Every structure is written in structure tokens, then in C-alpha cells.
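Visitor: Have a look at the structure that comes next, please.
The values are calculated or read from the model by the stated rules, or taken from the named source; none is laboratory data. Just so we're clear, the structure is a prediction, and the values are computed from it rather than from any experiment. Heads up, the Cβs are rebuilt from the backbone with ideal geometry, glycines too, and the neighbour counts pull from every protein chain shown. Note: areas computed on protein heavy atoms with side chains; ligands, DNA, RNA excluded. Shrake-Rupley method; radii C 1.70, N 1.55, O 1.52, S 1.80 Å.
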Amino acid sequence: MAHVTTLKLAVLIDADNARPAIVEGLLAEIAKYGTAHVKRIYGDWTKPDLNGWKEALLRHSIQPIQQFRYTVGKNATDSAMIIDAMDLLYAERFDGFCIVSSDSDFTRLASRIRESGRIVYGFGEQKTPEPFRTACDKFIYTEVLASSAEAEAEASAAPKQRSAKELRGDTKLLNLLRNAIEAASDDTGWAGLGAIGSIINKQSPDFDSRNYGYAKLSGLVNGIGLFETEERHIGNGKHIYVRPRVGKK
């Protein structure tokens, strides 16, 4: 029987730093990690620039939180999100938080939530500053979440599949994979793909095979061409194992 995820999650969205086109993909992604018991989005809903969100909120039962912009140049939305997040944290009802924003102002919030033993999933555009990305347990770029129907005009923003040559030229990627394989390998040099992915995410929270144009880590590994894979039947399931090809560097 498949394992059922039961994490209780609070989803907090910064409307000023997220696009309506991601909402379906965002909620589908969050469902992989747990159940969204709270879904709130923050912004000044009196402003026309947020009109695009309104239909999405009704369709997906996301609660809009009104926050007026009291002072030009100051982001009151961030403060409202942070206050609500701390209130929800102290209520001790949630196993984790999903913070949807490309704003580095949420870096300390993510760190504080993790200090309390909760999981933090961050969602933001590729321009998101590194401090916020690395403060999360896992960070997902929203460019890979936009649905084709809603984001057709922005399709160029989605990562294109990289060639083997491009992947082999990515020193950071190769080092991540090789180090993870070495750490997870057995005496024969083989390492389980699941363990490899877990180690990589701990070292680099914003790692995602979709950033390279591959739906799954197995596809990315095969696309590089420097590793060999083997499928093993263990119990009732299939598991993929990986090791470097002999003579390949």
C-alpha cells in the first residue's frame, strides 16, 4: 500500500511577489508534501494590480488577507504574513509551512520556523535571493509550476531541457551528484536514487531536476550520460540504483 502523506501545512502567499498562473501547479506541488489546512494570501486588494488573483482565490478556496499600504516604499504585506506565521507557529497545529514569495525578507521567518522543528517549503522565482532559498528545507522555483493553460504567454520562462554537453559543463551539478552518490553508496559503489535525492536536497534546498528540464531525478541522471542505472525489485516496489560509469569523469 502506498504511503499517505499526513503533514498538516499552512500555506502563506505574498501576492505582491507571486503570479496567479502558478496557483494550480503550486497547490498540486504542496499536495505531494502534505495537506494544506490553511491557505492565505496577503496583499492590498484595493489595488488593480492584484485583480488577476481574484478568480484563482475563489476557485481554490484561498483566503485573501487585506493589508493596506500605509507608507509608500514600505511593504506592509511582509509584516502581516510574518505576524500570522508566528501566530500559527505558536498554535502548534502545523507540521510545516509553505512560504510563497521571491522576497528575501522572509529569510529570518523561515529560519525561525525551522528552529521550532517545523518543515519549511519555499516557493519563488529564480530571482529569489540565495539567503531565503537556503533558509528553507526545500525550495521550489515557481517557473516549473505554471500550468500551460494559464502561462502559455510565459512559456519561455520555463526551463528548457539541457543537453548532455550542457549538463556535463555544470560543475556544481556534477559535484552534487557525485558527492551524494559517494555518501549513499554501498560497498559495490551503487547508491539508491531516493537516498541520493535526499542528500542533495539537504545540501542544496533549491535543487530540482525540473530546473534542468527533466521531470524526475532519474531522467536528469540518465541525461548526463556519466552514470549507469539499475532497476531492482525490492519487496513490492521498484527502486533505481546509480553509480558512476567506469572511465567516465
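Visitor: Only residues that are out of contact with any helix residue (DSSP H, G or I) (no Cβ under 7 Å at 6 or more places or on another chain), without any contact (Cβ under 8 Å) to a residue 40 or more places away in the chain and in a helix (DSSP H, G or I): list them for region 156-190, please.
Guide: Correct list: Ser156, Lys165, Glu166, Thr171, Lys172, Asn175, Asn179, Glu182.
Visitor: On to the next question. State all residues of region 54-73 that are open to solvent by less than 40 Å² (accessible area, probe 1.4 Å) and either modelled with pLDDT of 85 or more or of a type in the set (A, V, I, L, M) (or both); if no residue qualifies, say none.
Guide: Hits for region 54-73 are Ala56, Leu57, His60, Ile62, Ile65.
Visitor: Here is a further query. So in region 112-168, with the set limited to residues that are polar (S, T, N, Q) and open to solvent by less than 60 Å² (accessible area, probe 1.4 Å), which one is modelled with the lowest pLDDT?
Guide: If we filter region 112-168 for residues that are polar (S, T, N, Q), which is where we start, we get 116, 126, 128, 134, 142, 147-148, 156, 161, 163.
Among the residues that remain, those that are also open to solvent by less than 60 Å² (accessible area, probe 1.4 Å) are: 116, 128, 142, 147, 163.
On the way: Ser116: 95, Thr128: 94, Thr142: 91, Ser147: 53, Ser163: 90.
The qualifying residue modelled with the lowest pLDDT is Ser147.
Visitor: Restricting to region 105-124, count the residues that are farther than 16 Å from Ile83 by Cα and in contact (Cβ under 8 Å) with a residue 60 or more places away in the chain.
Guide: So the count comes out to 5.
Visitor: Then there's this: What is the number of the single condition among (1) buried (at least 17 other Cβ atoms within 10 Å of the Cβ); (2) under 26 Å from Val144 (Cα atoms) that Pro244 does not meet?
Guide: Every condition holds for Pro244 apart from (2).
Visitor: Can I ask one more? For region 213-235, which residues satisfy the criterion of being at pLDDT 90 or above and either touching a Pro at 6+ places or on another chain (Cβ under 7 Å) or part of a helix (DSSP H, G or I) (or both)?
Guide: Those that are at pLDDT 90 or above and either touching a Pro at 6+ places or on another chain (Cβ under 7 Å) or part of a helix (DSSP H, G or I) (or both): Leu217, Ser218, Gly219, Leu220, Val221, Asn222, Gly223, Ile224, Leu226, Phe227.
Visitor: Search region 26-49 for residues being among the β-branched types (Val, Ile, Thr) and not in a strand (DSSP E or B), and hand back the single one that is farthest from Glu92 (Cα to Cα).
Guide: Keep residues of region 26-49 that are among the β-branched types (Val, Ile, Thr), which gives 30, 35, 38, 41, 46.
Those still in the list that are not in a strand (DSSP E or B) too: 30, 46.
Numbers: Ile30: 20, Thr46: 33 Å.
Checked region 26-49; the qualifying residue farthest from Glu92 (Cα to Cα) is Thr46.
Visitor: Examine region 5-14 for a residue that is out of contact with any strand residue (DSSP E or B) (no Cβ under 9 Å at 6 or more places or on another chain) and either open to solvent by 70 Å² or more (accessible area, probe 1.4 Å) or modelled with pLDDT of 90 or more (or both), and state whether such a residue exists.
Guide: The initial filter retains those residues of region 5-14 that are out of contact with any strand residue (DSSP E or B) (no Cβ under 9 Å at 6 or more places or on another chain), namely none.
The answer is no; no qualifying residue exists.
Visitor: Return the residue satisfying two criteria in turn: it lies in region 88-129 and is part of a helix (DSSP H, G or I) and of a type in the set (S, T, N, Q), and of such residues it is farthest from Gly43 (Cα to Cα).
Guide: Taking region 88-129 as the starting set, the residues that turn out to be part of a helix (DSSP H, G or I) are 88-90, 104-115.
In the following step, the residues that additionally are of a type in the set (S, T, N, Q) were identified as 104, 107, 111.
Values: Ser104: 17, Thr107: 19, Ser111: 23 Å.
Residue satisfying both the conditions and the ranking: Ser111.
Visitor: Could you check, for region 223-237, whether at least one of its residues is β-branched (Val, Ile, Thr), free of Cβ contacts under 8 Å to residues at least 60 places away in the same chain and within 26 Å of Glu143 (Cβ to Cβ)?
Guide: Going through region 223-237, the residues β-branched (Val, Ile, Thr) turn out to be 224, 229, 234.
With free of Cβ contacts under 8 Å to residues at least 60 places away in the same chain added as a condition, the list becomes 229, 234.
Filter once more, so that each one left must be within 26 Å of Glu143 (Cβ to Cβ): none.
No, the conditions are met nowhere in region 223-237.
Visitor: Just to be sure I understand the filter: pairs with C-beta atoms under 6 Å, separated by 6 or more residues or on different chains, first member in region 20-40 and at negative phi, second member at pLDDT below 95 and among the acidic types (Asp, Glu). Which pairs pass?
Guide: Listed by first residue and then by second, the contacts come to Ala21/Glu150.
Visitor: Would you check if there is a residue in region 37-59 being within 20 Å of the chain's Cα centre (by Cα), farther than 14 Å from Ile99 by Cα and among the β-branched types (Val, Ile, Thr)?
Guide: No.
Visitor: Residue check: is Asn211 among the polar types (S, T, N, Q) and open to solvent by 50 Å² or more (accessible area, probe 1.4 Å)? Quick ask: steps written out before the conclusion?
Guide: On the way: among the polar types (S, T, N, Q): yes; open to solvent by 50 Å² or more (accessible area, probe 1.4 Å): no.
Against the criterion (among the polar types (S, T, N, Q) and open to solvent by 50 Å² or more (accessible area, probe 1.4 Å)), Asn211 does not qualify.
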